[in-house]
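Please read the structure below before turning to the comments.
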Amino acid sequence: MANKLITQENLKALVNELAASYDVFAPKRENKNTVSFGKLQSFEEYVSGVLLTNTTAKDKVYLQSEQLFQYELKKDTVEFKEKAPGKEAVIFGGRPCDARGFDVIDKLFNWSGYEDGPYTGGRKNTTIITVSCEKPETTCFCTSFAGGSPADGKGSDILLTPVSGKFLAELLTERGEKLAAKYSKYFSEAGDAETAAKAEFAKAAEAKITKKLDLAAVKKNLDASFDSPYWDTVHLPCVKCGACTYVCPTCYCFDITEKKFGYLNGERNRTWDSCMSEMFTKMAGGHNPRTDTKRRFRQRFMHKFRYHVDNFKEELCTGCGRCIRRCPVGIDIRKVVEEAK
Amino acid sequence: MEKEMQEIAKKLLAEKKVDWVIGYENSFEPGASRPVFMNKPEDAVKLVFNKSCVNNLAVYLPKIKKQKAAVVAKGCDLRSVREIIKEHQILRENVVIIGVACEGVESSKCSTCTENKLDGVDFTVGTVKDLGRKEDMSDIEKFEELSSKEKEAFWNKEFERCIRCYACRNVCPVCYCPDCFANRLMPEYLNKVVNTAENKVFQQIRMQHVFGRCTDCRACEEACPVGIKLSLLTKKMSKDAKKLFNYESGKDTDSRPPLSTFKVDEEGIAEIM
Ligand code: SF4
Ligand code: SF4
Ligand code: SF4
Ligand code: SF4
Ligand code: SF4
């Protein structure tokens, strides 16, 4: 696919123009310590220097609460109302680990020939423009994963990498090409020099990542450790909230509940759920097969680095490190899976 | 200070006085620490204490149940420990309190801390100094002056961000209910749909449940992954508990929390009828 160049000024103009006709979500400051993907009115609001937004871009496509339909009892029928499809959106300024998260859960929501309507609908409506990371955080470990890098384009439609005062814009999908074609006035052609500069950029950024997991060894250890006493103590500091799973770009579990209005009218909703919650496996009638906090804790790591690998040949993690940052008690996923035995 | 703490922990574990020592260890991240549970004397060397030791470890005590635990507590955490003992979530004889003479950690509460005295602990690590800090309610007073509309607009903006991860509840030492209203399905107090209105209901009910028990320890605010200003609520509650009931939570282990008792004439509350 094609490589283009875009200058700082043109990028600004592009984003402003996009914001006029699409929902543009980008890292935006909520308060002193909080930057999350919010709807941009103009480029000025975009916070460019933050790698780890407090929450992920996932929630712009895979909504935390999604109304599936409403039902209303009429005289002799039941009327169903489906939600109108959302506006076309652009997720701008996310990072390679955010975009890769979409690539990972795309497969899940299209598994075994079943297409998840609400997710894929949102996904088709959304163009993802990602920015490569120059200075990874100490919690970043994207290079542990196959092809993972602070300058990796997987899951992105367009990947922007700063080279010689401009951005190299790699158009990685048809959607990305379409957008660049529509706004072609902002782009110019890139040459081999810029492509080479991008490779240099990637190499330098990758070298700054301090932790690399040996995933084959992790998988082997997790395969053998389900009943290990390791899990009896490692979970103790964890308070079993849902922070780690709700800020994760790859956690996808959900619950389906009803909300009623009046006597018989209501709506059916899909909401995120978390394996860390005691409600997660609680069944009608009250039985809970995952009986204790140790089992809930073990599930998160087993799922991400063992079961998902069995099913999809890749980990359910992109190494963004958000769960490490946001965990109130400093549970470090790298350490938990690496030390499992 | 750390050496002293490690020696105490080692001895307690070696002599089997406790099943667990709960303290802080260095985490993987440079400059950060995290809670640690230790049950072997040789692990005691892991214990650290520094400015990053923000967590309130009292939250773990109700989970210890019938076992015995030693817990590292700063002055502020000590209030939570007392509160939990008062509420019969752990027996005093089952907990060994290792008080640390703290001079402040990386938390918003420390600049106005008057809690660094360590009355009633089993061990004191370091020397308690008078830090000359004073209580400051000016932020609350300023907030109180806002109109209801302004307050509502402020909280709507805050709780629009809430992702209902329940980290605030789960790190709270006095939110130990095994069956929290937020998880109940029959009756359903709280719908699973996450939106500003439901998020506010969650926090309003939680705050009501912890009124007069909350020690304004700020563990909830520190834990919130989206930086919601929960200390405005917890500080206001401690101010009101003092004003209405002349009550300060966690100051002792035997007084009754104000909402678990009543007087025919509450001096702090004006009669309306
Ligand atoms: S690992 Fe951390 S964020 Fe996740 S449930 Fe446990 S305490 Fe909460
Ligand atoms: S598990 Fe943690 S590091 Fe991995 S993708 Fe999720 S939040 Fe990021
Ligand atoms: S910790 Fe913050 S985001 Fe999580 S439920 Fe509490 S207020 Fe909401
Ligand atoms: S400040 Fe927050 S965590 Fe601490 S006792 Fe009060 S409600 Fe609980
Ligand atoms: S919010 Fe209320 S019901 Fe829930 S744990 Fe706290 S005190 Fe208990």
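The values are calculated or read from the model by the stated rules, or taken from the named source; none is laboratory data. All values reported here derive from a predicted model rather than from experimental measurement. Every residue, glycine among them, receives a Cβ derived from its backbone with ideal geometry; neighbour counts consider all protein chains shown. For the accessible areas, the whole protein counts, side chains as well, though only heavy atoms, and no ligand, DNA or RNA atoms are used. Shrake-Rupley method; radii C 1.70, N 1.55, O 1.52, S 1.80 Å.
Excluding ligands, DNA and RNA and using a 1.4 Å probe, chains A and B jointly bury around 3000 Å² of accessible surface, summed across both partners. The simple spin-label model puts a point 7 Å past each Cα toward its Cβ; for B:LYS149 and A:GLU9 those points are separated by 4.4 nm.
Placing unit charges on the Cβ atoms only, positive for Lys and Arg and negative for Asp and Glu, gives the range B:2-125 a dipole magnitude near 380 debye about its Cα centre.
Per-residue mean of foreign Cβ neighbours for B:159-172 is 6 (Cβ atoms of other chains, 10 Å radius).
Adding -39500 (n - 2.57) for every DSSP H run of four residues or longer, then dividing by how many residues chain A holds, sets the calculated 222 nm ellipticity at -8500 deg cm²/dmol. By the Cβ-Cβ criterion of under 4.7 Å, the unpaired cysteines of chain A are A:CYS133, A:CYS140, A:CYS142, A:CYS238, A:CYS241, A:CYS253, A:CYS275, A:CYS317, A:CYS327.
For the options A:VAL329, A:VAL61, A:VAL78, a Gaussian network treatment of chain A with springs between C-alpha atoms closer than 10 Å singles out A:VAL78 as fluctuating the most. Here the relative contact order of the range A:215-339, from alpha carbon pairs under 8 Å that lie six or more residues apart, stands at 30 percent.
The ellipsoid equivalent to the alpha-carbon distribution of the range B:2-125 has semi-axes of 20, 19, 13 angstrom, derived from the gyration tensor eigenvalues as √(5λ) and listed largest first.
Relative to the longest principal axis of the Cα atoms of chain B, helix B:148-160 runs at roughly 50 degrees.
A helix-only calculation puts chain B at -9500 deg cm²/dmol for mean residue ellipticity at 222 nm, using -39500 (n - 2.57) for each DSSP H run of at least four residues, averaged over all residues.
Pairs of Lys residues in the range A:215-339 that lie 8 or more places apart, or on two chains, and have C-alpha atoms under 18 angstrom apart add up to 15. Let me have the relative contact order for chain A, percent, based on Cα pairs under 8 Å that are six or more residues apart. In percent, rounded to a whole number, it is 21. Classify chain A: rounded, prolate or oblate, from the alpha-carbon gyration tensor (a ≥ b ≥ c, eigenvalue square roots; a/c under 1.5 rounded; otherwise prolate if a/b is larger than b/c)? Since a/c reaches 1.5 but b/c is at least a/b, the shape of chain A is classed as oblate.
Measuring heavy-atom accessible area with a 1.4 angstrom probe and counting protein chains only, the residues of the range A:21-45 that give up at least 50 Å² relative to the chain alone are A:GLU30. Any idea which of B:LEU78, B:ALA9, B:ASN94 is furthest toward the positive side of the dipole for the range B:2-125, if Lys and Arg beta-carbons carry +1 and Asp and Glu beta-carbons -1? Going by the charge dipole, the pick is B:ASN94. Residues of the range B:205-249 whose accessible area, computed with a 1.4 Å probe over protein heavy atoms, drops by at least 30 Å² once all protein chains are present relative to their chain alone are B:PRO225, B:VAL226. When the P(r) is computed for the range B:138-250, the part past 23 Å accounts for 29% of the Cα-Cα pairs. For the pair B:LYS3 and A:LEU264, label points projected 7 Å from Cα toward Cβ lie 7.9 nm apart.
Basic side chains Lys and Arg get +1 at the Cβ, acidic Asp and Glu get -1 at the Cβ, and with that the dipole of chain B about its Cα centre reaches some 600 debye. Contact order, relative form, for chain B: 16 percent (alpha carbon pairs under 8 Å, 6 or more residues apart, mean separation divided by residue count). If you wrap the Cα atoms of the protein assembly as shown in a convex hull and average its projected area over all directions, you get 32.9 nm². So how tilted is helix B:196-210 from the main axis of chain B? Cα-based, degrees 0 to 90, rounded to 10. Rounded to the nearest ten degrees, it is 60.
Per residue, the range B:1-64 exposes an accessible area of 45 Å² to a 1.4 Å probe, with every protein chain left in place. Protein heavy-atom accessible surface, 1.4 Å probe, per residue over chain A: 44 Å².
The fraction of accessible area contributed by carbon and sulfur in the range B:2-125 is 52 percent, rounded to a whole number (1.4 Å probe; ligands and nucleic acids excluded). Accessible-area loss of 10 Å² or more (1.4 Å probe, protein heavy atoms, chain alone versus all protein chains) is found in the range B:15-54 for B:TRP20, B:PHE28, B:GLU29, B:PRO30, B:ARG34, B:PRO35, B:PHE37.
Taken as entire DSSP H runs, the helices of chain A never both span 30 Å or more between Cα atoms along their own long axis and average 1.6 or more on the Kyte-Doolittle scale.
Accessible area per residue for the range B:162-273, computed on protein heavy atoms with a 1.4 Å probe, is 50 Å².
Note on A:HIS303: accessible area approximately 30 square angstrom, rounded to 10, probe 1.4 Å, nucleic acids and ligands left out. Put a plus charge on the Cβ of each Lys and Arg, a minus charge on the Cβ of each Asp and Glu, and nothing anywhere else: the dipole of the protein assembly as shown about its Cα centre is then about 740 debye. Using 19 Å as the cut-off for backbone N distance, which residues of the range A:186-221 belong to the label zone defined by a point 7 Å from the Cα of A:GLU17 along Cα→Cβ? Those under the cut-off are A:186-190.
Computed over protein heavy atoms with a 1.4 Å probe, the carbon and sulfur contribution to the accessible area of chain A reaches 52%.
For the residue pairs B:LYS10/B:LYS66; A:LYS154/A:LYS212; A:LYS211/B:LYS74, alpha carbon separations beyond 27 Å are given by A:LYS211/B:LYS74. Comparing mean-square fluctuations of B:CYS113, B:CYS165, B:CYS224 from a GNM of chain B with C-alpha springs under 10 Å, the top value falls on B:CYS165.
Among A:THR130, A:THR210, A:THR55, the residue with the largest mean-square fluctuation in a Gaussian network model of chain A, with springs joining Cα atoms closer than 10 Å, is A:THR210. The trypsin sites (Lys or Arg not before Pro) found in the range A:273-318 that occupy coil by DSSP, while having at most 15 further C-beta atoms within 10 Å, are A:LYS282, A:ARG290, A:LYS313.
Distance from the C-alpha centroid of the range B:63-127 to that of the range A:221-262: 30 Å, rounded to the whole angstrom.
For chain B, the longest principal axis of the alpha carbon atoms and the long axis of helix B:2-14 meet at an angle near 80°.
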